[in-house]
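As structure tokens, the structure follows; a few thoughts come after it.
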Amino acid sequence: MYFCMRIPAGPKLFADALQRWPWPEDCTLPDVSPFTFTLDGGGRHLIQTVLQNRTNSIFAEFGTFMGGAARTWLSNNIGLRYVCVDPWGDDITDYVKSLSNVDWAARAYKTSYLEEIAELLSRYGPLRLVQNNLASFKDRCVLIRGRIPAAYSEMRSAGLVPDIIYIDALKRHEDFVEAHKIFPNAIITGDDWNWGIQADGAYPIRPYVEEIARERNGQIYADRATFVISEPRHELQFDDKWRYMSQSSA
């Protein structure tokens, strides 16, 4: 097990983080209104359950995409301090361009809207749009352009230690295990719980999440794309219908 003394990440350290990763002066786009664009696979009510009793927490989202989830959670939780981590590379532009040909995306959004977002990405790039989308929260939000797991160590060395982690990245074992090791006291949550079912009926990230839950004596709660590892020390309260029982323990 990996437990150590909690490094406090209060207002002073968060202010230091805002200095270390400053916002540009021209962080808004005059001709683009902020928008909430998110690929929500469902179940995010579980995250709101975590947040509702942690009003002054630091929440780190690894894989921020266009900042849609960040806008939602910052709007709904006025004391929340937020860390967005993403490479914000050109692959986001290419990905959004491809969505108009994907059935589930076309069901969620009109093709014309997807094309509009793709055009904005081509014109401004992902990071400029994310800055514009989140500029109204810049006193409570840090943007870190980087990749995990390297970003974990960068944050830790700066004293920026999140209370809650949300992983929505490349679905690699190291991304989950390193988060567990480097931030041993954080509540670990994430996306992609129901992503990528394989021929044998298994899902790629579930073994990684189960491994961490065992290490922490935690219970997994999941609904559609979203999961939370609930540990006794965190005293989270979930409806038992979201409790996940692995095949090995069923």
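Sequence-distant contacts, meaning Cα pairs under 8 Å at least 6 residues apart, place the relative contact order of the chain at 24 percent. The largest-to-smallest principal axis extents of the Cα set in the stretch 198-250 are 37, 22, 19 Å.
Restricting everything to alpha-carbon atoms, can you work out Rg to Rh for the stretch 47-138 with a Kirkwood hydrodynamic radius? Radius of gyration relative to Kirkwood radius: 1.02. Computed from label points 7 Å out along Cα-Cβ, the spacing between Arg145 and Glu231 is 3.4 nm. Springs between Cα atoms under 10 Å define the GNM used for the chain, and in it the highest mean-square fluctuation of Val102, Val228, Val161 occurs at Val102. The chymotrypsin sites (Phe, Trp or Tyr not before Pro) of the stretch 113-219 include none that meets both conditions, a loop assignment by DSSP and at most 10 other Cβ atoms within 10 Å of the site Cβ.
Approximating the spin labels as points 7 Å out from Cα along Cα→Cβ, the Ala105-to-Lys181 distance works out to 3.4 nm.
Other residues lying with their Cβ under 11 Å from the Cβ of Asp223 contribute a combined charge of +3, Lys and Arg counting +1, Asp and Glu -1. Label separation (Arg156 vs Glu211): 1.6 nm, computed from points 7 Å beyond Cα along the C-beta direction. For the options Ser33, Ser100, Ser75, a Gaussian network treatment of the chain with springs between C-alpha atoms closer than 10 Å singles out Ser33 as fluctuating the most.
When DSSP beta bridges are restricted to pairs lying wholly in the chain, around 30% turn out antiparallel. Looking at the stretch 150-250 only, what percent of DSSP beta bridges run antiparallel? Nearest 5 please. Roughly 65 percent of the DSSP beta bridges within the stretch 150-250 come out antiparallel. Each of Val85, Gly42, Ser153 was placed along the dipole of the chain (beta-carbon charges, centred on the mean Cα), and the one lying farthest toward the positive end is Ser153.
Taking a straight Cα-Cα cut-off under 30 Å and skipping sequence neighbours fewer than 8 places away in the same chain, the lysines within cross-link reach of Lys241 are Lys171, Lys181.
Normalising the Debye intensity of the stretch 88-136 to I(0), with uniform scatterers on Cα atoms only, and taking log10 at q = 0.13 Å⁻¹ returns -0.30.
For the chain, the 222 nm mean residue ellipticity estimated from helices alone, with every DSSP H stretch of n ≥ 4 adding -39500 (n - 2.57) and the total spread over all residues, rounds to -11000 deg cm²/dmol. For the stretch 118-241, the equivalent ellipsoid derived from the alpha-carbon gyration tensor has semi-axes of 27, 20, 15 Å in decreasing order. Mark the label point 7 Å from the Cα of Asp31 along Cα→Cβ and return the residues of the stretch 98-120 whose backbone N is within less than 20 Å of it. Residues 113-120 qualify, since their backbone N sits under 20 Å from the label point. Sites listed here are GluC sites (Glu not before Pro) in the stretch 143-250 whose DSSP assignment is loop and whose Cβ has at most 15 other Cβ atoms within 10 Å: Glu235. When Cα extents along the principal axes in Å is calculated for this entry, the matching label among [x] 52, 47, 30; [y] 60, 38, 30; [z] 97, 39, 32 is [x].
Read-outs throughout are calculated quantities, based only on the coordinates presented, and are distinct from any laboratory measurement. In this text the structure is predicted, and so the values were computed from the model without any measurement. Cβ atoms come from the backbone with ideal geometry, glycine included; neighbour counts cover every protein chain shown.
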